[in-house]
Amino acid sequence: QVQLVESGGGLVQGGESLRLSCAASGSIFSINAMCWYRQAPGKQREFLAASSNDGKTNYADSVKGRFTISRDNGKNKVYLQLNSLKPEDTAVYYCNAGVVVPGPVRYVEVWGQGTLVTVSS
């Protein structure tokens, strides 16, 4: 079984920064894409950023230039640097990964439990 655990959320003021972390653990053969999403109260879950296992990244237009995704393949971790935060960035931030697991080898999609980011004005 594979788990994703996010950390780094909290309460910040507008204009400040946060760095979110997500660690994958369990029976992992390899990890393909690792992504970040968020869900604000009363809204649908929104894609933010993705990192492939060969280093390619892509971003939602809404966060391009303010958020940066990075990844440590050796530690099975992905990070999201949030800069110039705005009150509208307030949401639960989720980590998502496509994982190849052994015994038998198969592909599974895994979600973390989320970490809350609150930005005050």
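Here R71 passes the criteria (1) surrounded by fewer than 15 Cβ atoms within 10 Å (Cβ to Cβ); (2) farther than 19 Å from V119 by Cβ; (3) of a type in the set (D, E, K, R) except the one numbered (1).
Candidates are the residues of segment 81-109 that are outside any loop (DSSP other than H, G, I, E, B) and farther than 18 Å from Y37 by Cβ; the one that is most open to solvent (accessible area, probe 1.4 Å) is Y107.
Restricting attention to segment 28-51, the residues that are open to solvent by 40 Å² or more (accessible area, probe 1.4 Å) and farther than 15 Å from V2 by Cα add up to 9.
The values are calculated or read from the model by the stated rules, or taken from the named source; none is laboratory data. Model, not experiment: these values are computed from the prediction. Note that we place each Cβ from the backbone using ideal geometry, even for glycine, and neighbour counts take in every protein chain shown. Only protein heavy atoms, including side chains, enter the accessible area calculation; ligands, DNA and RNA are left aside. Shrake-Rupley method; radii C 1.70, N 1.55, O 1.52, S 1.80 Å.
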